[in-house]
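Read through the structure below, which is laid out as structure tokens, and then see the notes.
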Amino acid sequence: MTTRREFLEDAAGAIASIAFVGCGLVSATPAQAQARRREVVVNGRRAKVVDVHAHCAVPEAMALMGLKLGPPALPSTLDMVQAQDRIRAMDEQGIDVEALSINPYWYKADRDVARELIRIQNEKLTEACAANPDRFVAFASVALQHPDLAAEQLGEAVKKCGLRGAAIGGSVNGEELSDPKFHPFWAKAEQLGVLVFIHPQGTAELNNTSRLKGNGLLEVVIGYPLETTIALSHLIFEGTLDRFPGLKICAAHGGGYLPSYAARSDQGCVTFPVGCPGPKDGPLKKKPTEYLRQLYFDSLVFTPEALRHLVAEVGSSQIVVGTDYPYPWTKTAVDHILGTTGLPDAERVAMLGGTATKLLGIKA
Ligand SMILES: [Zn+2]
């Protein structure tokens with residue numbers, strides 16, 4: 001049985017590391033992809049495809065936590081060879097740009113370690129993007145367990161390194177993202193106007209029981225979308241989205257279960273008002289499900305019916321492509337959107353990359 005630590009090592013081990021340089025001091029050679037590049041066309045016009053859910057790892061930073069990329073190895077670091085593999089996979093699938101992110105494994109790090117680890121990671125991400133500026137942008141890593149430091153790191157990563165937002169977990173050492181202690185981070189993200197990508201890491205409380213053990217990889221299959229569902233629900237119900245109305249948040253895996261059963265969120269407080277004293281700042285400004293239409297969601301929901309339903313619940317303007325590369329959940333993210341019936345061409349173009357291009361400041 002894979003241990004949690006091994007799994008995290010594996011999960012973190014998804015991209016490639018490159019020569020170390022500081023932000024803005026980049027001088028790598030672009031990786032040359034050899035496969036024929038698929039160019040996606042919608043109604044006769046080239047459509048740019050942007051993948052917002054693509055993992056990578058920086059081994060030098062992991063070493064500060066005593067972690068290393070463990071078997072089974074996935075193509076994952078940011079070195080030239082693995083960057084080339086990544087671009088080849090993007091070319092085959094019709095992905096023009098990937099927004100790289102690193103799943104947090106550093107939330108237990110003290111302030112000094114966290115500062116150094118994040119510095120190394122964000123510099124490596126910056127370097128990877130600069131080496132292939134037409135193919136990669138990146139979400140910054142931040143030490144969210146130290147919210148003031150995370151805010152500072154985000155500001156620096158965006159302003160000095162040109163990173164496009166932040167990638168965070170669905171909770172931080174058992175604390176919800178809606179906890180007031182994280183307000184400085186949310187305030188900074190809102191002020192900068194950058195996208196925050198929330199990627200779950202499982203429901204730790206259940207992982208410590210037998211509930212998700214056994215056959216089926218339930219810690220991932222159920223635990224991940226469950227954590228996203230909990231995280232988004234707290235951001236809605238605790239009033240975080242009212243307090244920071246300009247936040248741009250994108251949830252992985254189609255937002256977990258929340259959009260699948262959204263109406264229950266509206267009905268709970270109607271059925272049992274006693275359980276809904278409201279957030280500390282005052283009553284919610286909207287119905288809970290209405291907040292879904294200001295959040296963003298990746299398209300990693302696998303079937304045309306699931307995508308149709310996601311569009312119905314959140315709107316096509318809120319959906320962006322997510323592949324989970326290098327994990328082989330899908331190789332047909334583009335066809336998933338092209339093949340779902342009932343979508344106007346303009347909405348397909350927006351989902352494929354139009355919306356992500358704007359959110360991430362990518363040249364159209
Ligand atoms: Zn992922």
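Per this entry, LEU217 is counted among residues that are closer than 30 Å to VAL50 by Cα, within 16 Å of the ligand (Cβ to nearest atom), modelled with pLDDT under 95 and hydrophobic (A, V, I, L, M, F, W, C). For the stretch 292-316, a residue qualifies if it is part of a helix (DSSP H, G or I), over 10 Å from HIS336 (Cα atoms) and of a type in the set (A, V, I, L, M), and the qualifying residues are LEU292, ALA306, LEU310, VAL311, ALA312, VAL314.
State yes or no: is ASP134 assigned to a loop (DSSP other than H, G, I, E, B), closer than 27 Å to ARG46 by Cβ and touching a residue at least 12 places away in the same chain (Cβ under 8 Å)? Quick ask: steps written out before the conclusion?
Numbers: assigned to a loop (DSSP other than H, G, I, E, B): yes; closer than 27 Å to ARG46 by Cβ: yes; touching a residue at least 12 places away in the same chain (Cβ under 8 Å): yes.
So ASP134 fits the description; yes.
Within the stretch 173-194, residues that are within 18 Å of ASP281 (Cα to Cα) sit with their Cβ atoms under 7 Å from residues that are modelled with pLDDT of 95 or more and hydroxyl-bearing (Ser, Thr, Tyr), at 6+ positions apart or across chains, in these pairs: LEU177/SER171; SER178/THR240; TRP186/THR240.
For the condition small (Gly, Ala, Ser), within 16 Å of the ligand (Cβ to nearest atom) and either in contact with a Gly (Cβ under 6 Å, 6 or more places away or on another chain) or not in a loop (DSSP other than H, G, I, E, B) (or both), GLY254 qualifies. Selection of the stretch 151-174 for residues being over 15 Å from TRP106 (Cβ atoms) and of a type in the set (Val, Ile, Thr) yields only VAL158. Every condition in (1) hydrophobic (A, V, I, L, M, F, W, C); (2) in contact with a Phe, Trp or Tyr (Cβ under 8 Å, 6 or more places away or on another chain); (3) over 30 Å from LYS48 (Cβ atoms) holds for ALA109 except the one numbered (2).
Among the residues of the stretch 209-228, those identified as hydroxyl-bearing (Ser, Thr, Tyr) and surrounded by fewer than 22 Cβ atoms within 10 Å (Cβ to Cβ) are THR209, SER210, TYR224.
TYR291 passes every criterion in (1) at pLDDT 95 or above; (2) aromatic (Phe, Trp, Tyr); (3) within 16 Å of the ligand (Cβ to nearest atom) apart from (3).
Per-residue answers, yes or no, for (1) buried (at least 18 other Cβ atoms within 10 Å of the Cβ); (2) assigned to a loop (DSSP other than H, G, I, E, B):
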| position | (1), (2) |
| --- | --- |
| ALA63 | no, no |
| LYS68 | no, yes |
| LEU78 | yes, yes |
| ILE87 | yes, no |
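So which residues in the stretch 198-240 are in a loop (DSSP other than H, G, I, E, B), hydroxyl-bearing (Ser, Thr, Tyr) and either within 26 Å of LYS188 (Cα to Cα) or over 22 Å from the mean Cα position of the chain (by Cα) (or both)? Listed by number, the residues that qualify are THR209, SER210.
Is it true that ALA263 is surrounded by fewer than 23 Cβ atoms within 10 Å (Cβ to Cβ) and in contact (Cβ under 8 Å) with a residue 24 or more places away in the chain? When the stated conditions are applied, ALA263 passes them. Scanning the stretch 320-339 for residues that are without any contact (Cβ under 8 Å) to a residue 60 or more places away in the chain and surrounded by 20 or more Cβ atoms within 10 Å (Cβ to Cβ), we see that the one that is farthest from the ligand (Cβ to nearest atom) is ILE337. In the stretch 142-164 there is no residue matching the filter, namely being assigned to a strand (DSSP E or B) and either more than 22 Å from GLN84 (Cα to Cα) or in contact with a Leu (Cβ under 9 Å, 6 or more places away or on another chain) (or both).
Take the conditions without any contact (Cβ under 8 Å) to a residue 24 or more places away in the chain, more than 14 Å from the ligand (Cβ to nearest atom) and not charged (D, E, K, R) and apply them to GLY223. Does it pass?
Working: without any contact (Cβ under 8 Å) to a residue 24 or more places away in the chain: yes; more than 14 Å from the ligand (Cβ to nearest atom): no; not charged (D, E, K, R): yes.
Spelling it out, it is not the case that GLY223 is without any contact (Cβ under 8 Å) to a residue 24 or more places away in the chain, more than 14 Å from the ligand (Cβ to nearest atom) and not charged (D, E, K, R).
Does any residue of the stretch 204-222 turn out to be among the β-branched types (Val, Ile, Thr) and touching a strand residue (DSSP E or B) at 6+ places or on another chain (Cβ under 6 Å)? Steps first, answer last, please.
As a first pass, look at the stretch 204-222 and keep what is among the β-branched types (Val, Ile, Thr): 209, 220-222.
Then keep just the ones that are touching a strand residue (DSSP E or B) at 6+ places or on another chain (Cβ under 6 Å); that gives none.
For the stretch 204-222, residues among the β-branched types (Val, Ile, Thr) and touching a strand residue (DSSP E or B) at 6+ places or on another chain (Cβ under 6 Å): absent.
The values are calculated or read from the model by the stated rules, or taken from the named source; none is laboratory data. All values reported here derive from a predicted model rather than from experimental measurement. FYI the Cβ positions are ideal-geometry reconstructions off the backbone, even for glycines, and counts take in every protein chain you see.
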